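Asks: Right, I'll just put the structure down here and ask away after.
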Amino acid sequence: MVTTRSSMKDKDVAFHLHPFTNPSAHEATGPHVIEKGSGIYLTDADGKTFIDGMSSLWCCSLGYDEPRLVNAAYQQLQKLPYSHTFRGRSHPNLIELSEKLIKLAPNKLSKVFFANSGSEANDTAIKLAWHYNNARGMPNKNKIIARQGGYHGSTVVTASLSGLSYMHSAFNLPLGGIVFTDCPHFYRYALAGETEEEFSSRLANNLEQLIILEGPDTIAAFIAEPVMGVGGVIIPPQSYFQKIQEVLHKYEILMIADEVICGFGRTGSMFGSTTFEIRPDMMTMAKGLSSAYFPISALMISDEVYGVMVSASQKDGVLAHGLTYSGHPVGAAIALEVLSIYEEQNICSHVSNVGKHFQSGLRQLLRNPLVGEVRGIGLMGGVELVANKDTKESFPVEVKAADRLALKAEKYGLFIRAVGDSLVMAPPLIITETEIRELLERFNNALEETSDELLVN
């Protein structure tokens with residue numbers, strides 16, 4: 001029996017509940033079925049080819065047809081398709097991967113816990129922050145500070161940490177014990193005449209006042225992405241993390257760096273923490289760890305956190321946390337090969353080099369009357385649309401300006417993502433200068449067409 005394009009779409013509507021999708025709209029339109037990929041390109045069921053300007057979900061760092069990763073999976077499936085990591089069991093690939101990750105890690109991180117997604121890694125980080133303070137005899141030091149506009153996942157805990165209202169209202173979230181501090185978006189939230197340095201100082205002071213208000217002995221950890229991804233590619237202003245960390249250190253609050261998007265070269269450094277001089281006590285990673293060829297994530301913790309856990313285990317026994325597929329052998333094999341490719345291709349240097357062309361091209365878009373701000377670093381970019389450049393006035397919600405532009409981009413053969421009033425881009429790290437020019441040309445065509453429509457209306 002031959003499955004037609006129409007029957008595939010009908011079956012999808014009939015049986016598949018999609019994440020982050022409007023169910024009623026999906027029933028009307030059906031899915032966009034993607035059939036194959038090559039390099040930075042994806043081809044749908046109708047035969048149309050697109051530049052993937054988002055690495056799918058920030059994750060396909062090495063593109064869609066890397067034979068070494070396919071072979072790594074095949075070889076491992078033949079040798080050992082599964083083995084768990086409970087009760088001290090391990091396997092060679094996982095041991096080697098743990099060592100490699102620790103050698104790459106910034107600061108004082110020394111142990112790795114494996115999971116299957118960024119959400120799970122961040123969820124684990126929060127559990128271990130609670131465990132850490134319980135073991136120290138400080139059970140009330142359990143609140144977590146997150147930031148407005150941040151995104152940390154979609155589990156109950158990580159959705160609560162995400163400072164995005166649309167992730168809360170329908171699900172009785174956020175959970176108690178989570179408090180939010182300022183979004184570090186200079187363009188939107190700086191006071192008139194305020195420098196980036198002054199803005200960072202004000203946000204650090206606001207954080208300290210929040211800690212004092214809540215009680216320093218009640219705050220366990222602060223979690224932050226080096227660059228806010230889903231929030232719109234928000235780049236931290238000058239000295240932001242240095243000032244924030246001074247406050248955290250003062251009150252003995254753990255710093256959790258969420259590197260799920262930024263990790264493995266996206267900013268031009270192996271980790272965003274290196275780019276922005278973050279000294280994490282815990283650090284989570286996922287997406288680029290396997291280039292999305294297999295679900296795998298990791299949490300790294302410091303010697304200090306681990307030492308407390310060891311002491312606690314003498315009384316409590318086992319660490320009562322784990323996941324069936326933690327450290328899956330196939331995922332570990334793929335991740336090892338991914339790290340080898342990153343090293344052989346000097347991926348950070350490549351991102352730094354082509355990223356200059358990407359960022360320069362993005363800034364040319366400021367000439368368009370719709371573009372209020374362009375921001376980015378490495379191979380991450382955000383373009384914010386405004387109704388009025390002088391006042392920074394946004395378009396009314398019902399106009400759906402960014403969504404409209406994202407759809408126009410698809411017309412020109414480009415996948416990007418609309419978040420609020422911004423369009424975000426994060427192409428595969430293997431992209432070339434020629435392909436960057438092609439991506440920007442397609443985006444500009446969509447932007448010009450959208451601009452003509454909105455300005456007329």
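Asks: Hey, fewest Cβ within 10 Å first, where do Thr43, Thr450, Thr391, Thr124 land in order?
Replies: Least to most surrounded, the residues fall as Thr391, Thr43, Thr450, Thr124.
Asks: Of all DSSP beta bridges located in the range 69-344, what percent are antiparallel, nearest 5?
Replies: Taking every DSSP beta bridge with both residues in the range 69-344, the antiparallel ones total about 40 percent.
Asks: A follow-up question, please. What trypsin sites (Lys or Arg not before Pro) does the range 37-101 have in DSSP loop regions with at most 12 other beta carbons within 10 Å?
Replies: Sparse-neighbourhood loop trypsin sites (Lys or Arg not before Pro): Lys48, Arg89.
Asks: Also: Arranged by the count of other C-beta atoms within 10 angstrom, fewest first, what order do Cys262, Cys60, Cys348, Cys183 take?
Replies: So the residues, fewest neighbours to most, are Cys183, Cys348, Cys60, Cys262.
Asks: How far apart, in nm, are two points set 7 Å out from the Cα along the Cα-to-Cβ line at Gln209 and at Glu448?
Replies: Label at Gln209, label at Glu448, 4.8 nm between them.
Asks: In the range 153-205, which GluC sites (Glu not before Pro) are in a loop and have at most 15 other Cβ atoms within 10 Å, using DSSP for the loop call?
Replies: Answer by residue number: Glu194.
Asks: Once Lys and Arg get +1 and Asp and Glu get -1 on their Cβ, which of Met8, His84, Gly63 lies farthest toward the positive end of the dipole of the range 7-84?
Replies: Towards the positive end, the residue furthest out is His84.
Asks: Below 15 Å, Cα to Cα, which aspartates and glutamates can Lys392 reach? Residues fewer than 8 away in the same chain don't count.
Replies: Glu373, Glu384, Asp421
Asks: Moving on to the next point. Treat the count of other C-beta atoms within 10 Å as a stand-in for reagent exposure and order Val156, Val310 from fewest to most.
Replies: Fewest-to-most ranking of Val156, Val310: Val310, Val156.
Asks: Which whole-number percentage describes the relative contact order of the range 69-344, with Cα contacts under 8 Å and a sequence gap of 6 or more?
Replies: 29
Asks: 7 Å from Cα along Cα→Cβ at both Val399 and Glu343: what's the point-to-point distance in nm?
Replies: Once both label points are built, they end up 5.1 nm from each other.
Asks: Can you tell me the length gained on complete extension of the stretch Val70 to Glu198, counting 0.36 nm per residue apart and subtracting the Cα distance?
Replies: Gain on extension, Val70 to Glu198, equals 41.1 nm.
Asks: Quick check for me: using +1 on Lys/Arg Cβ and -1 on Asp/Glu Cβ, what's the dipole size of the chain about its Cα centre, in debye to the nearest 20?
Replies: Once rounded to the nearest 20, the dipole reads 880 debye.
Asks: Using the Karplus curve 6.51 cos²θ - 1.76 cosθ + 1.60 with θ = phi - 60°, work out ³J(HN,Hα) for each residue of the range 93-104 in order, rounded to whole Hz, and write x for Gly and Pro.
Replies: Using θ = phi - 60°, the values come out as 4, 5, 4, 5, 5, 4, 4, 5, 5, 5, 5, 7 Hz.
Asks: I'd like to compare 204-214, 294-304: which one has the highest average count of other Cβ atoms within 10 Å, and what's the full order after that?
Replies: Going by the mean number of other Cβ atoms within 10 Å, highest first, we get 294-304, 204-214.
Asks: Another question about this same structure. Which of the pairs Lys127/Lys315; Lys9/Lys411; Lys11/Lys400; Lys79/Lys100 have their Cα atoms more than 25 Å apart in this structure?
Replies: In this structure, Lys11/Lys400 lie more than 25 Å apart at Cα.
Asks: Please give the length that would be gained between Thr434 and His16 if that part of the chain were fully extended, namely 0.36 nm times their separation in residues minus their C-alpha to C-alpha distance (nm, one decimal).
Replies: Answer, rounded to one decimal: 146.7 nm.
All of the numbers you see were taken from the coordinates with simple rules; none came from a lab. The shown structure was predicted, so the numbers you read here are calculated from the model rather than taken from an experiment. Here the Cβ is made from the backbone with ideal geometry for all residues, glycine too, and neighbour counts use every protein chain on show.
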